[in-house]
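I have placed the structure first, in the form of structure tokens, so that the comments after it can refer back to it.
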Amino acid sequence: MAIAADHYINRELSWLAFNRRVLEEAENAEVPALERLKFLAITASNLEEFFMVRVGGLLLQRHAQAASTDPAGMTVTEQLDAIEREVRAMVERQYDCFCRHLEPLLEQHGIQRVSMDAATARHLDAARRVFQDQIFPVLSPMGLSAENDFPLLVGGTLHVLIQIRTEGEDPPYRFALMPLGVALPRIITLPTNQGFSFALLEDIVRFFIEDFFPGEQVLSVTPFRITRNADLSLQEDAAADLLHGMKELLQQRRTAGCVRLEVSSDAPTACLEFLQTRLGVGDQLTYTIPGPLDLSAFMQMSGLEGYDFLRYEPWPPVRSPIVDPSQPMFATIAERNVLLSHPYESYEPVVRLIEEAATDPDVLAIKQTLYRTSRDSRIVAALKRAAERGKYVTAIVELKARFDEARNIEWAQELEQAGVQVIYGVKNLKTHAKICIIVRREPRGIVRYLHFGTGNYNESTARLYSDISYMTCNEEYGRDASAFFNAITGYSQPQQYHTLEAAPIGLRKRLLSLIEGEIFRKKQGQKAAITAKLNALVDPQLIEALYRASQAGVPVRLNIRSICCLRPGVPDLSEHIEVVSIIDRFLEHARILHFHHGGDDLVFISSADWMPRNLDRRIELLVPIEDSASQKRILEMLDIYFSDNCQSWELQPDASYRRRQPAAHQPRIRAQERLYRLAADAIRQAELARQTVFEPHQPISADGE
């Protein structure tokens, strides 16, 4: 069946609804103050990327006069108009939250932003020293005289436009521009007897601006920043050298068109009009800001030392009870399959597996995908060590990972220099699958140790993102994993897999088949159920299939973190579908699927969201979880997610979200807290059990054995 336009939620508006849910956490008085500041910074960072990619893409479509509509029936112009309305309302809420609520609250706790106009003599003296010693020697204003005399501005960075009085000219002023750049800190610490006092870089520059223009009258100093279009793609068929092509693409981003101008709300009309004219930006893409520009800069303040009482209770990752740190990872995995739930359980076993493989004399080869890695990646360092020790190391480094291209180019070149065989992904596809294969020689023969994940091989985000790791040496998985990897690196025809499934070849077909299987069983009078935890649900074919499942009476539970284009709860269409979204201290990132399958549960983890790009234009993996212990644990996790009544939002048929609240006398259930407590209790119970087992010291024989 084809989806009627009014049964489909616009993708862009659904994403903006997600960012509003994040903003609700910043506005929530029950959340600690510095955590609220962090959530607010996240909304600003999210919005920046939204303009760079989604708005940028729509503007390119409008420029090309694209006449098509999206599945919700909206034209490009209608989408841009709706985005503008939603974003303006969101910006108003962001700054109401920051200026009227968060700043006064932080000031009550001794964290104070100093206004230069109302600063004490002590603060002014300190600000003057910082200006003279650190700011003035670095910054340089640029006079703007000729009509086309306008520099190339770096997107996402702060600038100030300076208006200077001139005599006998029309108009009686001229302009100068000064980029504040990235070399100087945005937040300048000022002395205080207690607490934390600071001033913003642009405020100090504005207060002492006349030092740059001695003998002249400065009329105004206007902070502003621009966002450039990042929805640019590489024409891979025309790029003989992908590495060179990606470097050129990064250069193109620096000169791409402006998709948003943010300017201080106190900007004189002449300054605003000047910027709009020179940047080619109209009112629709201009946002006047009633407070400090770029709230994402305040993310660093959420980690202020000495203010733990303004943050969440720490939840440090715990050790998995099934991973003995004194035992090699190969021995652990050979004994049993290992399922880890991050960040509740430590990511260390994954890192340790690769580090041990790098130095193990019996390891012959390591094959791994790298999509986004941490800055000081131990995993990348281990791969380099392995290659330097003569092991056969292959890394698929995805150069097209948006906004991580530069870092991945650097990693790729370092790995190549160490002797790693580097594959720059697959032409016209992104390699998004998370897989590591370690080939080891053992007395029983060649054994493949495998890691599959829902998250990137990134030790930093593994402490912030909720993800699943699965480690096994199952031979069937190993054969499929090798076939999958060889298809990518050898440009060979993908083989029929026995356990795994991959995009873009068979994943969509497999998912549709699984949904149809539940529909068939329900129509036969059997019990049926579908549960999916994803980051996004956009794909029309899968949405249609879920609607068919609902119409057949199959209960469908969907936990969708951000974009969901399906409308639940519509009579005769989706009344058996519930959609919830959890926004909490960790970013929900794991993709988990469960199909009842007549009582013979089918459970999967995956790297893929249900979006056309993941199913058609990316290399993704669907991994079955077949051992009973791991299955049981994942099903328990899913039930906990759907029982959340504290941090869970329920999608309504009209596309709005309603926060779930515990009913009277109902216990409060916060899924992330419950999962952390379960992980902590499991390791405590394992340690207690170990203490009750008496292990005698054995005598050493005469020959020392």
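Just so it is clear, none of the values below were taken in a lab; they were calculated from the coordinates. It should be emphasised that the depicted structure is a prediction, and the values quoted were computed from it without experimental measurement. Backbone-built Cβ (ideal geometry, glycine too); neighbour counts: all protein chains shown.
Ordering THR120, THR394 from the fewest to the most neighbouring beta carbons within 10 Å gives THR120, THR394. Which one, (i) 28.0, 105; (ii) 25.3, 80; (iii) 27.3, 83, gives Rg and Dmax of the Cα atoms in Å as derived from the coordinates shown? Read-out from the structure maps to (i). When a/c is below 1.5 the answer is rounded, else prolate if a/b is larger than b/c, else oblate, so apply that to segment 329-498 with a ≥ b ≥ c taken from the square roots of the Cα gyration tensor eigenvalues. In terms of gyration-tensor shape, rounded. Site-free segments of the chain were taken between chymotrypsin sites (Phe, Trp or Tyr not before Pro) in DSSP loops having at most 11 other Cβ atoms within 10 Å, sites themselves excluded; the longest one is 1-490.
Put the Cα centre of segment 640-685 next to the Cα centre of segment 132-206 and the gap is 47 Å. Which pairs, out of LYS509/LYS632; LYS427/LYS509; LYS509/LYS533; LYS367/LYS533; LYS367/LYS430; LYS434/LYS527, put more than 24 Å between their alpha-carbon atoms? Going by Cα-Cα distance, LYS509/LYS632; LYS367/LYS533; LYS434/LYS527 fall outside the 24 Å limit. The trypsin sites (Lys or Arg not before Pro) found in segment 629-691 that occupy coil by DSSP, while having at most 13 further C-beta atoms within 10 Å, are ARG668. Under the simplified labelling scheme, the SER140-SER45 pair shows an inter-label distance of 3.2 nm, with each label point 7 Å from Cα along Cα→Cβ. Compared with the alpha-carbon gap, the fully stretched path from GLU167 to GLU476 is longer by 103.0 nm at 0.36 nm per residue. Enter the Cα centre distance for the pair segment 284-339 and segment 51-114, rounded to the nearest angstrom. With segment 284-339 and segment 51-114 each reduced to a Cα centre, they are spaced 26 Å. Could you calculate the FRET efficiency of ASP133 with GLN421 from 1/(1 + (r/R0)^6), where r is the beta carbon distance between them and R0 is 30 Å, rounded to 0.05? Plugging the Cβ-Cβ distance into 1/(1 + (r/R0)^6) gives 0.05. Remark on GLN112: its backbone amide H falls under 5 Å from those of PHE196, SER197, PHE198, a criterion applied only to residues 5 or more positions apart or on other chains, H modelled at 1.01 Å from N. Annotation: extensible slack from ARG122 through ARG668 equals 191.7 nm (criterion: 0.36 nm per residue apart, minus Cα-Cα distance).
Ranked by how many other Cβ atoms sit within 10 Å of their own Cβ, fewest first, the residues ASP211, ASP117 fall in the order ASP117, ASP211.
To the nearest 0.05, what FRET efficiency results for PHE150 and LEU512 with a Förster distance of 45 Å applied to their C-beta separation?
Efficiency computed from Cβ-Cβ geometry: 0.30.
What the Cβ-Cβ distance of LEU364 and MET299 gives, at R0 = 30 Å and to the nearest 0.05, is a FRET efficiency of 0.10.
For segment 481-576, trypsin sites (Lys or Arg not before Pro) meeting the loop criterion (DSSP other than H, G, I, E, B) and having at most 14 other Cβ atoms within 10 Å: LYS527.
Under the rule of -39500 (n - 2.57) per DSSP H run of 4 or more residues, summed and divided by the residues of the chain, what mean residue ellipticity at 222 nm is obtained, to the nearest 500 deg cm²/dmol?
-10500 deg cm²/dmol
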